[in-house]
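The next block holds one structure in the form of C-alpha cells; read it before the comments.
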Amino acid sequence: RSFIVDNVVIESSSGSTTDETAQAALKTFRTEYESRRKSLADAVAEVQKRQAARPGKIAWASDVAAEPPNVPLLIRGNVTTPGELVQPAPLRVIAGSSSSTPAARRRIALAEWLTRLDSPASALTARVQANRVWERHFGRGLVATLDNLGVSGAAPSHPELLDWLASEFVRPMADVASSGWSLKQLHRTIVTSATYRQSSQLNEVAFAVDHDNRLLWRQSVRRLDAESIRDGMLFVSGSLERRLGGPYVPTQRSSAAEVVVNESSPGAARRSIYLQQRRTQTLSLLNLFDAPAVTFNCVQRPTTTMPLQSLSQLNSEFALARAAALARRLEREAPPDPRHRARLAFELAAGRTPTDVELRSSLAFLEEQTRSYEPAADASPRAWGDFCQMLLSSNAFLYVE
C-alpha cells in the first residue's frame with residue numbers, strides 16, 4: 001500500500017512482507033550495528049590508552065647541556081647587534097673578585113651560590129626572606145624597605161633579631177626532619193613567639209615613647225589582604241570549594257564594567273589563587289582592596305582605605321550572595337534562638353564571641369530589620385541576611401587584631 005500526499009510517497013509497502021523477510025532484515029541490521037559498535041569501541045579504547053600514557057610532571061626549564069650557549073651583550077637591546085660575550089659570574093660586590101666562573105650547569109651553580117651555607121650570598125638571601133616573612137605577619141619588616149637591604153635602604157629596627165631569624169631559617173633541625181631553609185618552620189617560629197601573640201591594645205605610656213611601634217611593644221592591627229578577604233567570605237559562609245588543582249576560574253566584565261566571577265560558573269567558589277590573572281582584567285573586589293596588577297613587580301602591597309571598599313561590600317553581588325549563604329548556615333547550625341545565632345555569627349566571622357554591647361546591638365538591629373520587612377513571609381531571613389552582610393563588612397572581619 002502507498003500513502004501519497006501532494007504527490008509525495010510517504011509510506012509504501014508491497015504487501016508481500018513475511019516473517020522470514022523481517023527476520024532477515026533484523027539480522028542484517030544487528031550484524032552491521034555490532035560491527036560499527038565494535039569499531040567505535042576500539043577507537044575509544046585507543047584514545048583512552050593514549051590519555052593514560054601521558055607523562056608526569058616535567059621540568060619547563062632544565063640545565064643539562066654539556067656546553068652552555070654563548071650569551072652576548074646586546075647593543076642597545078637589539079638582538080641583531082650582538083656585542084662582546086658575557087661570562088657568568090656571581091655578584092662581585094658579594095663574592096669578591098676571586099670567585100670562580102662555572103663552565104656548565106649555570107642555573108644550578110647560581111642556586112648553590114645563593115643557598116650554600118659557606119657562601120656570602122646565603123646570609124643575604126636568608127635575611128631577605130626572613131624579613132619578608134616577618135612583614136607578612138607584622139605589617140612591616142624589620143627592615144622597612146623589603147627590596148633593599150643595602151646601604152641605601154632603611155636601617156633594621158632589630159638587627160640582632162633579623163640575624164637570629166636568618167640563622168634559624170637555614171639551620172637544619174633533626175627533631176622536625178628539616179634540612180634547613182624551611183619556610184614552615186620560620187612561620188612557626190614567628191607565630192608562636194610572645195611578640196606575635198601580644199595584644200593590639202593601646203598603651204598610652206608606650207605610645208608616647210614609640211608611636212610607630214618600631215620597638216614592637218604591641219601587635220599591629222592589620223587588614224586582611226584582598227585574596228584573604230574574598231576567601232574568608234567564602235569560608236565563613238560555608239561556600240568555599242576546597243578542591244585542589246585543576247583549571248583556572250575565568251573572570252568576565254559585567255554590564256556595569258566590573259570584573260567579576262560568574263556565580264553560576266563551575267569553580268566560582270574556589271580560592272582566589274585559582275582565579276584567572278590578566279593584566280587588563282583584575283577582579284574588581286581584589287582591585288579595591290589593593291591587590292597588585294600583574295603588569296609590574298610588587299614587593300610590598302599598600303593598604304588603602306576608601307569609600308568604594310565599603311560600597312562594594314554593601315552592593316556587590318558577591319557580597320550579597322555570601323551574606324545570604326552565611327544566614328542559611330546560621331539557620332542550619334545554630335538553635336532558633338537569635339542569641340545563639342548571633343554568637344555563632346561572631347565566632348565564624350570574627351573568631352571570638354561578641355561582647356554584651358555587640359550582642360544587644362545585634363539583637364536590636366535584627367528586630368528593627370524584621371519589622372521593616374513585615375508582613376513579608378521572608379522578613380526574618382532577609383533581616384538575618386542584612387545582619388550577616390553588616391558583619392562581613394565590619395572591621396571585626398576585615399582586620400586582624
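The values are calculated or read from the model by the stated rules, or taken from the named source; none is laboratory data. On a predicted model such as this, the values are computed, not experimentally measured, just so you know. Please note: Cβ atoms are built from the backbone with ideal geometry, for glycine as well, and neighbour counts cover all protein chains shown.
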When every residue in segment 148-201 that is over 24 Å from Asp212 (Cβ atoms) and among the charged types (D, E, K, R) is compared, the one modelled with the lowest pLDDT is Asp175
Can you give me the number of residues within segment 251-264 that are among the polar types (S, T, N, Q) and out of contact with any strand residue (DSSP E or B) (no Cβ under 7 Å at 6 or more places or on another chain)?
2
Can you go through Arg332, Arg339, Arg301 and tell me which one is part of a helix (DSSP H, G or I) and closer than 26 Å to Ala269 by Cα?
Arg332
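Collect the residues in segment 344-396 that are hydroxyl-bearing (Ser, Thr, Tyr) and either over 19 Å from Arg230 (Cβ atoms) or not in a loop (DSSP other than H, G, I, E, B) (or both), keeping them in residue-number order. Walk me through it before giving the result.
As a first pass, look at segment 344-396 and keep what is hydroxyl-bearing (Ser, Thr, Tyr): 353, 355, 361-362, 370, 372-373, 380, 393-394.
Passing the criteria: Thr353, Thr355, Ser361, Ser362, Thr370, Ser372, Tyr373, Ser380.
In this structure, is Val261 surrounded by 15 or more Cβ atoms within 10 Å (Cβ to Cβ), more than 30 Å from Arg140 (Cα to Cα) and not assigned by TED's automatic domain parsing to the domain that holds Ala383?
Numbers: surrounded by 15 or more Cβ atoms within 10 Å (Cβ to Cβ): yes; more than 30 Å from Arg140 (Cα to Cα): yes; not assigned by TED's automatic domain parsing to the domain that holds Ala383: yes.
For Val261, the condition - surrounded by 15 or more Cβ atoms within 10 Å (Cβ to Cβ), more than 30 Å from Arg140 (Cα to Cα) and not assigned by TED's automatic domain parsing to the domain that holds Ala383 - is met.
A quick yes/no check of all residues on (1) closer than 18 Å to His137 by Cβ; (2) loosely packed, with under 13 Cβ neighbours inside 10 Å; (3) of a type outside the set (A, V, I, L, M, F, W, C):
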{"site": "Phe169", "(1), (2), (3)": "yes, no, no"}
{"site": "Ser182", "(1), (2), (3)": "yes, no, yes"}
{"site": "Ile190", "(1), (2), (3)": "yes, no, no"}
{"site": "Gln201", "(1), (2), (3)": "no, yes, yes"}
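Can you find even one residue in segment 323-332 that is in the same structural domain as Glu367 (by TED's automatic domain parsing) and under 30 Å from Leu146 (Cβ atoms)? Walk me through it before giving the result.
From segment 323-332, those in the same structural domain as Glu367 (by TED's automatic domain parsing) are 323-332; that's our starting set.
From the residues that got through so far, the ones that are under 30 Å from Leu146 (Cβ atoms) too are none.
No, because not a single residue in segment 323-332 is in the same structural domain as Glu367 (by TED's automatic domain parsing) and under 30 Å from Leu146 (Cβ atoms).
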Within the bounds of segment 230-250, is there any residue that is assigned to a loop (DSSP other than H, G, I, E, B), at pLDDT 90 or above and at positive phi?
yes
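Can you tell me which residue is nearest to the chain's Cα centre (by Cα) among those in segment 287-298 that are assigned to a loop (DSSP other than H, G, I, E, B) and in contact (Cβ under 8 Å) with a residue 12 or more places away in the chain?
Step one: filter segment 287-298 for residues assigned to a loop (DSSP other than H, G, I, E, B), giving 289-298.
Filter once more, keeping what is in contact (Cβ under 8 Å) with a residue 12 or more places away in the chain: 289-291, 293-295.
Numbers: Phe289: 14, Asp290: 14, Ala291: 11, Ala293: 14, Val294: 14, Thr295: 18 Å.
Per the criteria, the residue is Ala291.
So that you can scan it fast, the table gives a plain yes or no per residue for (1) in contact with a strand residue (DSSP E or B) (Cβ under 6 Å, 6 or more places away or on another chain); (2) of a type in the set (A, V, I, L, M):
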residue: Leu202; (1), (2): no, yes
residue: Asp210; (1), (2): no, no
residue: Asn213; (1), (2): no, no
residue: Leu216; (1), (2): no, yes
residue: Val221; (1), (2): yes, yes
